Amino acid sequence: VNIELFFSKRGILILILVLIGIVSVLRKPKTGVGIILSLVILREGFFLEWFPPVYDLHLPQVFIILTLVSWLFHSNKYPLRINWDILLMFLFFVVICYSRHNFGTPVFEHKIPNEFFREVVIFFLVVQLLRDPKDLRNILWLIAGLHLFLELRAYYFYKTMHLPIALPGYKYLNRNGFANSLAMVFPIAYILSRTATHKAAKFLGIFIAVWCIIGVILTYSRGGLVALTIGILALVFFERRRWKIIGVILLLSILILPRLSEKYINRIKSIETYTEDTSAMGRVSTNHAAIDMVKEYPLFGVGAGNFNDVFFSFIPPEELKWVREGKSVHNVILQAVSETGFVGGIIFLLLVLKGFKNTFIKRYKKINKHEKYRDLALMLRIAL
């Protein structure tokens, strides 16, 4: 840790915020969820460049532990809740660990088991501490606001440094991941706006939604554009006020489409000639490798986190020219199945299906007086 950084203005500001955060979490444990999510969301796009000691000192883990301790102190207000989602998350963690052991690689000498265990704990805390729509709505506003900050930071760099794509951090952040995050936030921001009671909140939600669309386009991510299109179509399909969303999209199309550069159009059109595109063929090749892994190790795969290290030996010889060492598979289902086998793949898909099931409210008549539940479910369903 660079101690000198703590005597800078940034360091003093961070120390003050950390102290305020510790006091807030010990007094009100649900505050810890917001702090943890902030540290996670801002990691690659901001803190690793602006003030890396945040992670050298493992502040996310520190606040996870503090939040757990605070929840235990306030357990009378937040009695223990266990559901199938928590059990599936923990079971998937067990399979992740066993898949590495079964393949002969050390279990905890890779970041995947450690990071997923933290995700299990965070998920557990979310279930325990976010008890009503107001809590969830506040967290969603936080998530949307943090992504707006990242997108405005990205646009600032894009314009002032004349960069080819707009990212809030170019050293650590992947443009496809950032674009897909913005696509996920788009329906959340839109429906937060639509259901807000104050005009300022309505404007802020639409403002974030618009910047999510701009942000996806400026990353030149084809996957992000597909995800954004799905989100828009889903909103049009599910929304009761669909003409409003159609109007917003038409207005944005009129403003944005004429300004799209030829480079962006050519990148999208390269899908037509994907066999000549290195990026596309690299993904096809890694998909083939993942399928061969499943054939050879069907039950528990090659071990969670091992794909990048072993995929070269599974690539068809004629496709080796399209890949480089350390390349990832760009298919989350194939990654889950190739690394944890059919056992892990089934649990992973159950988690996804449970997520969809949890966002469908069937008995509308019984919750008409709680329409905000339906709105929250709608935005989460589309985001998922």
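Using a Gaussian network model of the chain whose springs link C-alpha atoms within less than 10 Å, name the residue from ASN102, ASN83, ASN306 with the highest mean-square fluctuation.
Looking only at ASN102, ASN83, ASN306, the biggest GNM fluctuation is shown by ASN83.
Extent of the chain along each principal axis, from alpha carbon coordinates, in Å, largest to smallest?
Largest first, the chain extends 59, 57, 52 Å along its Cα principal axes.
Do you know the relative contact order of region 1-69, to the nearest whole percent, from alpha carbon pairs under 8 angstrom that are 6+ apart?
Result for region 1-69 is 42 percent.
How big is region 161-258 by Rg and Dmax over its Cα atoms, in Å?
13.8, 42
Given contacts defined as C-alpha pairs under 8 Å and at least six residues apart, what's the relative contact order of the chain, whole-number percent?
Working: 443 pairs, mean separation 64.8, N = 384.
The normalised contact order for the chain reaches 17 percent.
Compute the longest continuous run of the chain that contains no exposed trypsin sites (Lys or Arg not before Pro); treat a site as exposed when its DSSP state is not H, G, I, E or B and it has at most 10 other Cβ atoms within 10 Å.
Values: sites that count: LYS171, ARG240, ARG241, ARG324, LYS362, ARG363.
Free of exposed loop sites, the longest segment is 1-170.
Tell me the relative contact order for region 161-258 as a rounded percent, counting alpha carbon contacts under 8 Å between residues six or more apart.
It comes to 30 percent, rounded to a whole number.
For a Förster distance of 45 Å, can you work out the FRET efficiency between the beta-carbons of ASN138 and LYS321, rounded to the nearest 0.05?
So, using R0 = 45 Å, E works out to roughly 0.35.
ALA377 to ASN174: FRET efficiency via 1/(1 + (r/R0)^6), r the Cβ-Cβ distance, R0 30 Å, to the nearest 0.05? Mind showing how you got there, number by number?
Working: r = 30 Å, r/R0 = 0.99.
Efficiency at R0 = 30 Å is approximately 0.50.
From the P(r) of region 50-114, can you give the percent of Cα pairs sitting at distances over 14 Å? Write out the running numbers ahead of the final one.
On the way: 1531 of 2080 pairs.
Considering region 50-114, 74 percent of its Cα-Cα pairs are separated by more than 14 Å.
Based solely on its DSSP helices, what 222 nm [θ] is calculated for the chain when runs of n ≥ 4 H residues each add -39,500 (n - 2.57) and the sum is averaged over all residues, nearest 500 deg cm²/dmol?
Value at 222 nm, helices only, nearest 500: -22500 deg cm²/dmol.
Which value, in Å² and to the nearest 10, is the accessible area of LEU142 when all protein chains are kept and the probe is 1.4 Å?
50 Å²
Of LYS111/LYS327; LYS202/LYS244; LYS199/LYS244; LYS171/LYS327; LYS134/LYS202; LYS244/LYS354, which sit over 19 Å apart, Cα to Cα?
Values: LYS111/LYS327 17 Å; LYS202/LYS244 13 Å; LYS199/LYS244 16 Å; LYS171/LYS327 17 Å; LYS134/LYS202 16 Å; LYS244/LYS354 30 Å.
The answer is LYS244/LYS354.
So how much slack lies between ILE346 and VAL18, counting 0.36 nm per residue of separation and subtracting their Cα-Cα distance, in nm?
Taking 0.36 nm per residue and subtracting the Cα distance, the gain is 114.1 nm.
Restricting to Cα atoms and excluding each atom paired with itself, what does the Kirkwood estimate give for region 112-211 in Å? Mind showing how you got there, number by number?
Values: mean 1/r = 0.0657 Å⁻¹.
Computed over Cα pairs of region 112-211, the Kirkwood hydrodynamic radius comes out at 15.2 Å.
If you count, for each residue, the other Cβ atoms within 10 Å and average over each peptide, how do 176-182, 53-59 line up from highest to lowest? Provide the component values of the computation, followed by the final result.
Numbers: 176-182: 22.6, 53-59: 14.7.
In descending order of packing, they fall as 176-182, 53-59.
Which residues in region 300-320 have a backbone N closer than 19 Å to a point placed 7 Å from the Cα of HIS101 along the Cα-to-Cβ line?
Backbone N within reach: 300-306.
At R0 = 35 Å, how high is the FRET efficiency between LEU72 and THR197 if r is their beta carbon distance? Nearest 0.05 is fine.
0.50
The values are calculated or read from the model by the stated rules, or taken from the named source; none is laboratory data. In this text, all values refer to a predicted model and were calculated from it rather than measured experimentally. When we count neighbours, we look across all protein chains shown, and the Cβ atoms used for this are built from the backbone with ideal geometry, even at glycine. In case anyone asks, the SASA skips ligands and DNA or RNA and just uses the protein heavy atoms, side chains included. Shrake-Rupley method; radii C 1.70, N 1.55, O 1.52, S 1.80 Å.
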